[in-house]
Amino acid sequence: MSSVPDGKKLVRSPSGLRMVPENGAFSSPFSLDEPQWVPDRECPRCMQCDTKFDFIRRKHHCRRCGRCFCDKCCSKKVALPRMCFVDPVRQCAECGLLSQKEAEFYDKQLKVLLGGGTFVVTLGTTDKCETMTCRLSNNHRYLFLDGESHFEVELSRISSMQILTDGTSPGEEDIHTYTSLLDSHCIFEGGTSRASGMLLHYKPMGSQDAQQLQMEAAEDKKVAALWLAAMHKAAKLLHDARDQ
């Protein structure tokens, strides 16, 4: 349940210190598990440059992918918040670039999502709508929507998400981005139009029937657009995590 306290504890792994949720079942959906390291006996050479390891050329494991490299190919220490490391950890060049790109999400977009935005929310295909504040829960597992009523959408149960944008011409609207979190569709990005709304399809707990939720920016449209852009980044992380 979303009401479970978000307590954390400090643990030491072979890769370094990590600050992880006390109840592992309620960890952030953006987090990644530590990889299994390639056993030393299975990597006599660097998996990047093929340099042979000896007493001088030591082997190092990338903390993100678990592969084995020489010092030259795995010398950088980069922050890895998706694995909850307290300090920067050793990563290969490819993984280090990935982690650096994700740093913006943790430094900027995640704070925007936690802060929330105001939207006109329509549930299902009815005409009934309500002005609500939508924000990401502190454990990153739910979207909380609060107005006269309150309900929650679990991120892991979102089957599809569409970001709606204002077009360049007055009154023009277009489906700007389609992101599937559960299915295997591709993500399409384009243009620089401002996000104006979001259309979700999700399966409520205990149900296999998808429900629709539509959100349109209300009041401060700039804040709402920033929130929607951050939500797109979050959805992309979740989608890409399927292959990591």
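The values are calculated or read from the model by the stated rules, or taken from the named source; none is laboratory data. Please read all numbers here as calculations on a predicted model, not as lab measurements. Using ideal geometry, Cβ is built from the backbone for each residue, glycine included, and neighbour counts are taken over all protein chains shown. Keep in mind that these areas ignore ligands, DNA and RNA; they rest on the heavy atoms of the full protein, side chains included. Shrake-Rupley method; radii C 1.70, N 1.55, O 1.52, S 1.80 Å.
Summary table
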read-out: Segments classed as strands (runs of 3 or more DSSP E), wholly inside the range 32-140, with at least 3 members that are of a type in the set (A, V, I, L, M, F, W, C) and assigned by the TED database to the domain that holds residue 235; value: 117-123, 129-136
read-out: Among (1) at pLDDT below 90; (2) surrounded by 12 or more Cβ atoms within 10 Å (Cβ to Cβ); (3) at negative phi - the single one residue 16 does not satisfy; value: (3)
read-out: Scan of the range 141-166 for residues that are open to solvent by less than 20 Å² (accessible area, probe 1.4 Å) and not in a strand (DSSP E or B), ordered by number; value: 155
read-out: Residues being under 19 Å from residue 212 (Cβ atoms) and open to solvent by less than 30 Å² (accessible area, probe 1.4 Å) - total across the range 108-121; value: 2
read-out: Residues (without any contact (Cβ under 8 Å) to a residue 24 or more places away in the chain and within 31 Å of the chain's Cα centre (by Cα)) located in the range 33-46; value: 39
read-out: Qualifying residues in the range 199-210 (those that are out of contact with any helix residue (DSSP H, G or I) (no Cβ under 6 Å at 6 or more places or on another chain) and closer than 18 Å to residue 126 by Cα) - the one most open to solvent (accessible area, probe 1.4 Å); value: 209
read-out: All positions within the range 40-64 that are of a type in the set (A, V, I, L, M, F, W, C) and open to solvent by 100 Å² or more (accessible area, probe 1.4 Å); value: 55, 56
read-out: Of all residues in the range 211-222 being of a type outside the set (Asp, Glu) and open to solvent by 60 Å² or more (accessible area, probe 1.4 Å), the one that is nearest to residue 153 (Cα to Cα); value: 211
